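Peer 1: I have a structure here, written as C-alpha cells, and I will follow up with some questions on it.
The values are calculated or read from the model by the stated rules, or taken from the named source; none is laboratory data. Since we're looking at a predicted model, the values are computed, not measured. Positions of Cβ are generated from backbone atoms using ideal geometry, with glycine treated the same way; all protein chains shown enter the neighbour counts. Protein only, heavy atoms only, side chains kept; ligands, DNA and RNA dropped before computing areas. Shrake-Rupley method; radii C 1.70, N 1.55, O 1.52, S 1.80 Å.
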Amino acid sequence: MPSGVGVVAPPMDLFTPVALGDLELANRIVMAPLTRLRGGSAGVPGDLIVEHYRQRASAGLIIAEGTYVNFESQAFVGQPGIVTDEQVAGWRRVADAVHERDGRIVLQLMHGGRVTHPDVNGGRRVVGPSAIAIDGQVHTEQGKQPYPVPHALTIDEIPSVVDDFVASARRAIDAGLDGVEVHSANGYLLHEFLSPASNVRDDQYGGSVENRIRLVVEVVKAVSEAVGAGRVGLRISPEHNIQDAVETDRDDVRAVYGALVDALQPLGLAYLSVLHKEPTGDLVQELRKRFGGKVIANSGFGSPTTRDEAVQLIDDSHADAVAVGRALIANPDLAERWRDGQPENAPRPELFYASGAEGYTDYPFLQTA
C-alpha cells in the first residue's frame with residue numbers, strides 16, 4: 001500500500017457489529033432488561049423464560065431482566081433470582097437456548113433495596129441506605145400495601161451486599177451467560193445510595209459525592225475482579241426520579257455521576273448503559289466522554305424507542321448501541337424487521353406483567369404473521 005494511504009473504515013450503523021468489551025455483538029440493537037414476572041414462586045427460569053429469550057436471540061445483545069442477588073433483595077412477586085442451584089440451572093437453560101441461535105446474553109444483577117415488602121421477599125427484612133420509606137404502595141400476593149420503612153444498612157452489613165453481587169456474578173458466568181450488568185438505576189438499592197433523597201447517612205457511605213458513589217464503585221470493582229471487567233456492564237438512570245430516588249439538582253447530578261464514571265473509567269468495563277430522556281443531551285454525552293468506553297443509550301422509559309430514533313443515535317455517534325424494550329417485547333425478530341424496514345407487531349401492555357405465555361412468547365415472527 002502506498003505511503004500515506006489509509007484503510008477506509010466501513011460505515012457504522014445500527015446493523016453493523018460492535019464489541020462491548022469481551023462481548024461481540026452482531027448488531028447494535030440491545031434488548032433492555034425488562035421485568036416480566038414469569039419466574040414463579042421459586043424464582044426459577046422455566047420453559048416460558050427460556051423460550052422468550054430464545055426467540056429474541058437475533059438482537060445484538062440481550063440484557064436479561066433484573067435478577068435478585070439474595071432473598072431479601074427480591075423486589076417483585078415472580079421475579080427470578082440467581083441464588084439457588086435450581087435458579088442457576090434455569091439460567092443455564094436460557095443461556096444455552098440463546099447461544100444455540102448465536103445470540104449473546106448477560107444477566108442484570110439487582111438488589112431491590114427498599115423497593116420491596118416482607119410479603120414479597122419471603123418475610124425477610126427490607127433494607128436501604130437510610131430509614132426512609134418510599135411514599136407509595138407495593139404489589140404483594142396479599143394485595144397493595146404501603147412500602148415499609150427500611151432497615152438502614154450498617155457499616156458492618158454493607159460488605160455482605162458486595163459479596164452477594166460477586167457471588168451472583170460468578171453463578172451467572174458458571175451458568176454460561178456471557179456477562180453481567182450491575183443495576184444501579186431506577187431507584188433500587190445501589191441507586192438509593194447515589195440519591196440525596198434516599199441517602200441521608202453521615203458516615204463514609206453518605207453525604208459527600210465521594211461517599212455516595214462508594215458502594216456502587218465497590219460493587220462494580222469487586223464484580224469486575226471476580227469475572228473480568230470485559231464481561232461487566234453498569235446501568236444508571238440519572239435524573240429519572242422514580243421510586244423516590246429523586247435527583248433534581250443538575251449540579252449535584254453532574255458531580256455524582258461524573259465522579260462515578262471517572263472512578264470506573266480505568267477498569268475497562270464492557271459498557272455503560274444510560275437511561276435518560278435526552279440521550280443526545282449535554283449530561284449524557286459528557287458522561288459518555290468521561291467514561292471513555294462503549295455506551296448503550298436508552299431513552300425509551302417514557303415512550304417506546306422507534307427505529308428512526310435508534311438509527312439516528314448510532315448515525316450521529318451519540319451511542320455505540322441502543323437499548324430497546326417494548327418493541328422487542330412485541331417483535332422477537334425486531335432486528336430483522338428494522339433492518340428490512342418491515343412492519344411491527346403492536347405490544348399488549350395489559351399482558352406485560354401477566355403470568356402465562358400470552359403476551360410473552362406468542363407474538364408472531366414476520367414469516368408467520
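Peer 1: What residue among Leu20, Leu283, Leu275 has the largest mean-square fluctuation in a Gaussian network model of the chain, using Cα springs under 10 Å?
Peer 2: Highest fluctuation of the listed residues: Leu283.
Peer 1: What size of dipole, in debye to the nearest 20, comes out for the range 248-369 about its Cα centre when the only charges are +1 on Lys and Arg C-beta atoms and -1 on Asp and Glu C-beta atoms?
Peer 2: Dipole of the range 248-369, to the nearest 20 debye: 200 debye.
Peer 1: Running a GNM on the chain with Cα contacts under 10 Å, which residue among Gly60, Gly179, Gly258 ends up with the highest mean-square fluctuation?
Peer 2: Highest fluctuation among the options: Gly258.
Peer 1: Provide, for the chain, the number of lysine pairs with alpha carbons under 28 Å apart, each pair being eight or more places apart or on different chains.
Peer 2: Close lysine pairs found across the chain: 5.
Peer 1: Which residue, chosen from Val209, Ser299, Tyr257, occupies the Cα position most advanced towards the positive end of the dipole of the chain, where the dipole is computed from +1 (Lys, Arg) and -1 (Asp, Glu) charges on Cβ about the Cα centre?
Peer 2: Ser299
Peer 1: Oh, and also: For the range 205-319, what size does the Cα cloud have along each of its three principal axes, sorted from largest down, in whole Å?
Peer 2: 40, 32, 23
Peer 1: Which cross-chain or sequence-distant (5 or more) residues have an amide H under 5 Å from the amide H of Glu181, H modelled 1.01 Å from N in plane?
Peer 2: Under 5 Å from the amide H of Glu181: Leu107, Gln108, Leu109, Gly233.
Peer 1: With charges only on Cβ, +1 for K and R and -1 for D and E, what is the dipole size of the range 94-230 about its Cα centre, in debye, rounded to 20?
Peer 2: Value, rounded to 20: 240 debye.
Peer 1: If you roll a 1.4 Å probe over the chain with all protein chains in place, what percent of the accessible area is carbon or sulfur?
Peer 2: Ligands and nucleic acids excluded, carbon and sulfur reach 49 percent.
Peer 1: Also, I was wondering about something else. Is it possible to state the helix-based mean residue ellipticity at 222 nm for the chain, with each DSSP H run of 4+ residues giving -39500 (n - 2.57), the sum divided by total residues, to the nearest 500 deg cm²/dmol? What is it?
Peer 2: The per-residue figure over the chain is -9000 deg cm²/dmol.
Peer 1: Classify the range 73-145 as rounded, prolate or oblate, taking a ≥ b ≥ c as the square roots of the eigenvalues of its Cα gyration tensor: rounded when a/c is under 1.5, otherwise prolate if a/b is larger than b/c and oblate if not.
Peer 2: Prolate, since a/c reaches 1.5 and a/b exceeds b/c.
Peer 1: Largest first and in whole Å, what are the equivalent-ellipsoid semi-axes of the range 217-274 based on the Cα gyration tensor, each being the root of 5 times an eigenvalue?
Peer 2: 24, 12, 9
Peer 1: Here's another thing I want to ask about it. Nothing charged except the Cβ atoms of Lys and Arg (+1) and of Asp and Glu (-1): what's the magnitude of the dipole of the chain about its Cα centre? Round to the nearest 20 debye.
Peer 2: That gives a dipole near 260 debye.
Peer 1: Taking θ = phi - 60°, what integer Hz values does the Karplus form 6.51 cos²θ - 1.76 cosθ + 1.60 yield along the range 297-302, in sequence order, with x for Gly and Pro?
Peer 2: Rounded to whole hertz, the list is 8, 9, 10, x, 6, x.
Peer 1: A further question on this structure: Using the heavy atoms of the protein chains alone and a 1.4 angstrom probe, what is the accessible area of the chain per residue in square angstrom?
Peer 2: 40 Å²
Peer 1: Okay, next question. Once a ≥ b ≥ c are taken as the square roots of the eigenvalues of the Cα gyration tensor of the chain, is the result rounded (a/c under 1.5), prolate (a/b larger than b/c) or oblate (a/b not larger than b/c)?
Peer 2: Oblate shape, in that a/c is at least 1.5 and b/c is the bigger or equal ratio.
Peer 1: Could you work out the equivalent-ellipsoid semi-axes for the range 95-196, taking the square root of 5 times each eigenvalue of the Cα gyration tensor, largest first, in whole Å?
Peer 2: Equivalent ellipsoid semi-axes, largest first: 29, 17, 12 Å.
Peer 1: Which shape class, rounded, prolate or oblate, goes with the range 153-259 when its Cα gyration tensor gives a ≥ b ≥ c as root eigenvalues, a/c under 1.5 marks rounded, and past that a/b bigger than b/c marks prolate?
Peer 2: prolate
Peer 1: If you don't mind, another one. What is the percent of Cα-Cα separations in the range 1-153 that go past 25 Å?
Peer 2: Everything past 25 Å amounts to 43 percent.
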